[in-house]
Amino acid sequence: MSALPNPTPGPMFAWVKWLSWVELGIFSLLILFWLIPGFDTETMLFGWAHGLGFVVLCIVIWVACGKRQAPYTLLAATLTPVGPVGSVIGIELIERKGWGIADSPQRVAESP
């Protein structure tokens with residue numbers, strides 16, 4: 001039984017990257033409004049936005065993994081307790097180090 005080849009970043013990966021950064025911004029504003037007293041309405045609104053946005057982000061990453069355009073490790077990084085921070089860090093590691101994708105710079109350099 002052979003292992004599946006590593007995914008190749010495709011158009012879905014660009015959406016995942018964009019949604020991850022948007023969700024990280026919403027999450028950051030939620031934390032900011034939660035820490036500063038007197039912003040109960042804003043905290044509630046950004047809490048709802050973060051909750052719904054995080055679910056959408058996870059679904060988009062899951063679909064991208066199913067289409068072999070993102071590695072499942074990105075989904076795992078997103079589902080950590082840090083949420084969108086994990087997905088942004090995972091995307092940076094994928095883009096900079098080529099972790100979990102086909103034809104990464106490390107794989108090309110190592111091939112004979």
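Below are the figures for this structure:
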| quantity | calculated |
| --- | --- |
| Accessible surface of segment 28-86 [probe 1.4 Å, protein heavy atoms]: carbon and sulfur percent | 79 percent |
| Within-14-Å neighbourhood charge of residue 48 [Cβ basis; K, R +1; D, E -1] | -3 |
| Burial ranking of peptide ranges 67-75, 11-19, 37-45 (average Cβ count within 10 Å, highest at the top) | 67-75, 11-19, 37-45 |
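The values are calculated or read from the model by the stated rules, or taken from the named source; none is laboratory data. Remember, predicted model here, so these are calculated numbers, not experimental data. Positions of Cβ are generated from backbone atoms using ideal geometry, with glycine treated the same way; all protein chains shown enter the neighbour counts. To get the accessible areas, we keep the full protein, side chains included, count just its heavy atoms, and leave off ligands, DNA and RNA. Shrake-Rupley method; radii C 1.70, N 1.55, O 1.52, S 1.80 Å.
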